Amino acid sequence: MGAVVIAGGALGLWWGRGGEEEPEAEDREFAVAYIPPDPSAPRQVELRAGGVVLEVSLTWSVNGRPGEDLRALPAEPVVLEAGRGDLVLFNVRMPDGGSGEVTCQILVDGTTVASGRAVGPGAMASCEGTAP
């Protein structure tokens, strides 16, 4: 009678012979199989705007679905959902007559997929990325 036992993260064989008892259940460690994330699950997209101006105009599109907002900086990120392979576009524009720097950043599930910056009067930072 034989059994495969994983103990301490190493695979070993235990053979029950002549009075030896199988290890107690609480003394065993079992490996947990890696289950990849569901590829059809929505991705969390964060659009972050920054800069050295007081107010910015934000425009975005996720797979053709548009959105826009006027925000004061520093601004909270715009949080959206996107499907795998969706195209994400994001623009941060300073008001007419403004000067300084504006930045944009697209994060998908916490990972930066695009960033940009622009400097000068009426500058617009543009980002484009795909949700993996």
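The values are calculated or read from the model by the stated rules, or taken from the named source; none is laboratory data. Note that the structure is a prediction, hence the values are computed from the model and not measured. Virtual Cβ from ideal backbone geometry, glycine too; neighbours counted across all protein chains shown. Accessible surface areas use protein heavy atoms only, side chains included; no ligands, DNA or RNA. Shrake-Rupley method; radii C 1.70, N 1.55, O 1.52, S 1.80 Å.
Name the residues whose placed amide hydrogens come within less than 5 Å of the amide hydrogen of Ala123, ignoring near sequence neighbours (fewer than 5 apart) on the same chain.
Residues meeting the criterion, in which the H sits 1.01 Å from N, are Met94.
Under a plain spin-label model, where a point goes 7 Å from the Cα along Cα-to-Cβ, how far apart in nm are Ala72 and Ser99?
It is 2.4 nm.
Enter the accessible area per residue of the range 34-102 (Å², integer; probe 1.4 Å; all protein chains in place).
It amounts to 60 Å² per residue over the range 34-102.
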